[in-house]
Amino acid sequence: MDRSMKQPALVYVDDDFSPDGLYSFQRNHFASAKAMGWARVTLVQDSHPHPGRPEALSDETVTIRGTGVDTIISAVKALQTRYDVRLVLTYPGQCRPGSTLHDDLAAACAKLDLPQRDPKSLQCVNDKSLMRARLADRNIPSARYATVFDTGGLQQAAKDVGFPLILKPAAGTGSVLIRRCDTMEELSEHYALFCRKFAETPLTADFAGGGRIALIEECLIGIELTIECMVRGDTPHALLVNEKLHVSYEQSTVLEHLLITPPTSLSASDVSTVKRYAEDVLRAVGLRDTMVHLELFLTADGPRAVEVNPRVGGFDVPTQFRELLGIDPFETGMALMRGDVDEDTCAGILSRAEQLNDAYAMFVLYPPAPGFVTGLTGLQEAAQQEGVLHHTTHLSDDYFDISLSERFVAKFWTRVKDADHAWALYTQTCEMVRVDMATGQPRQIAGVA
């Protein structure tokens, strides 16, 4: 069949064997692919313990044995007899331990003459210790840090970094097993918890390709920000800056509650400074043709990177892109990979990003205690408040425990006058909405919605 007569297709290689799965990346890209008229095909390993999940998201699934280069090439070539395969993607975060999927997929796509991500740059940003080492090599300031492989290295790491400090997985996701420690006693206690919980926590064990490695880093003091970026070719562009107005440190996680854009605590000069810094960071780590979610602090000594994620941010960041910049960030990300974002399109996005004046806030609600969430009382009344543009719920049958992972039950996207208005709207919503809970033992550890 002539290629012009075939339906375009997005192919996704599913390497996620965790109990809950990080399927928002696939789900969001498949939704955008469907809107563009593309078929959605998933390559599912024959050993996949949860094949029903990718089946529910796909127009078609193809069973494969392993994810080696030849296996991927063979499966995609078979699909090319029926589809015009435009892209082959997988989750760009950490692979399963022992997996070489990023390397294998890049090699397969190169032989298939399809766009690919650079596995070395993915490894650099997915391992926070490698990312910090790369920044140090390029003389880009970042937080002091040390890596810890066992209890024997704990004392020296604490001495090198200094208290207060943050202990977290060197590679992980969902703000899992993160804790601020102010004393050696707290650090020892949390490291022991980190070691006990690591293997049974899917968002670390199943997405930590390097194994059980802890990162100890300086506890940065300053204004905490997220920056949503676009990299066209090898040129990065910082687009949206969000200020975190409310963040809480729980037993073994960090929860973000309330963010506002544009950042109200920053001057125009500050915004320019953090954007330039973010672009320097992205040049250093080598990401190309992708959307990026970058987190940093603006300290008294200047910006300091916390993490770089080769994907669109969570919460209502996709809504920000759609409503403030007029683009679907997932469609744009795929267009970047294919080289389909021309200079005029890029210039238009940058122009709209520079002209943002009105303030918008996003916030989320968490369960008050571990347990099963049975419903939300008062949600509709809260959604009718002036300034609320829309809301979504994130309920499931899973066990919620915010002491271990960042798992919210509802999120709100709002238009506000300023930070005080954002705080008032968030506080009022927390008072209006009751999270109804049921007690019981967890059936499984919940992941990130």
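Residues Asp127, Asp328, Asp160, ranked from the fewest to the most other C-beta atoms within 10 Å, line up as Asp160, Asp328, Asp127. Note on the chain: Lys pairs 8 or more places apart or on different chains, Cα atoms under 20 Å apart, count 14. Counting neighbouring Cβ atoms within 10 Å and putting the fewest first, the residues Cys195, Cys430 line up as Cys195, Cys430. For the chain, the share of DSSP beta bridges that are antiparallel, to the nearest 5, is 80%.
Computed over region 6-116, the alpha-carbon pair-distance distribution with 10 angstrom bins reads 14, 52, 32, 2, each value a whole percent. Here region 203-353 yields Rg over Rh of 0.97, to two decimals, using C-alpha coordinates and the Kirkwood radius. Any idea what the relative contact order of region 6-116 is, in percent, if you count C-alpha pairs under 8 Å spaced at least 6 apart? Value for region 6-116: 33 percent.
The phi torsions of region 262-278, fed into the Karplus equation with coefficients 6.51, -1.76 and 1.60 and a -60° offset, translate into couplings of x, x, 7, 8, 10, 7, 4, 5, 4, 4, 4, 5, 6, 5, 4, 4, 4 Hz, rounded to whole numbers, with Gly and Pro shown as x.
Close amide H contacts of Ile178 (hydrogens built in the peptide plane, cut-off under 5 Å, sequence separation of 5 or more or a different chain): Thr253, Val254. Across region 159-201, counting alpha-carbon atoms alone, Rg and Dmax equal 10.5, 30 Å. Amide H contacts of Leu389 (H built 1.01 Å from N, in plane; Pro and chain starts excluded): Trp413, Thr414, Arg415 sit under 5 Å, all sequence-distant by 5 or more or on other chains.
Result for the chain in a Gaussian network model with C-alpha springs under 10 Å: among Gly371, Gly326, Gly52, the largest mean-square fluctuation is at Gly52. Both radii are taken from the alpha-carbon atoms of the chain; with Rh as the Kirkwood radius, Rg/Rh is 0.95. Residues whose amide H lies under 5 Å from that of Thr61, counting only those 5 or more places away or on a different chain, are Thr42; hydrogens are built 1.01 Å from N in the peptide plane.
Here the 3J(HN,Hα) profile of region 328-340, calculated from phi with Karplus coefficients 6.51, -1.76 and 1.60 at θ = phi - 60°, is 8, x, 6, 5, 5, x, 5, 5, 4, 4, 8, x, 9 Hz, Gly and Pro shown as x. Label positions at Arg196 and Asp344, each projected 7 Å from the Cα along the C-beta direction, are separated by 6.3 nm.
Computed 3J(HN,Hα) for region 352-369, one whole-Hz value per residue from the Karplus formula 6.51 cos²θ - 1.76 cosθ + 1.60 where θ = phi - 60°, is 5, 5, 6, 9, 6, 10, 5, 9, 10, 10, 10, 8, 10, 10, 10, x, x, 7, glycine and proline marked x.
Read-outs throughout are calculated quantities, based only on the coordinates presented, and are distinct from any laboratory measurement. No experiment lies behind these values; they were computed from the predicted model shown. Neighbour counts are summed over all protein chains in view; Cβ atoms, including those assigned to glycine, are modelled from backbone coordinates with ideal geometry.
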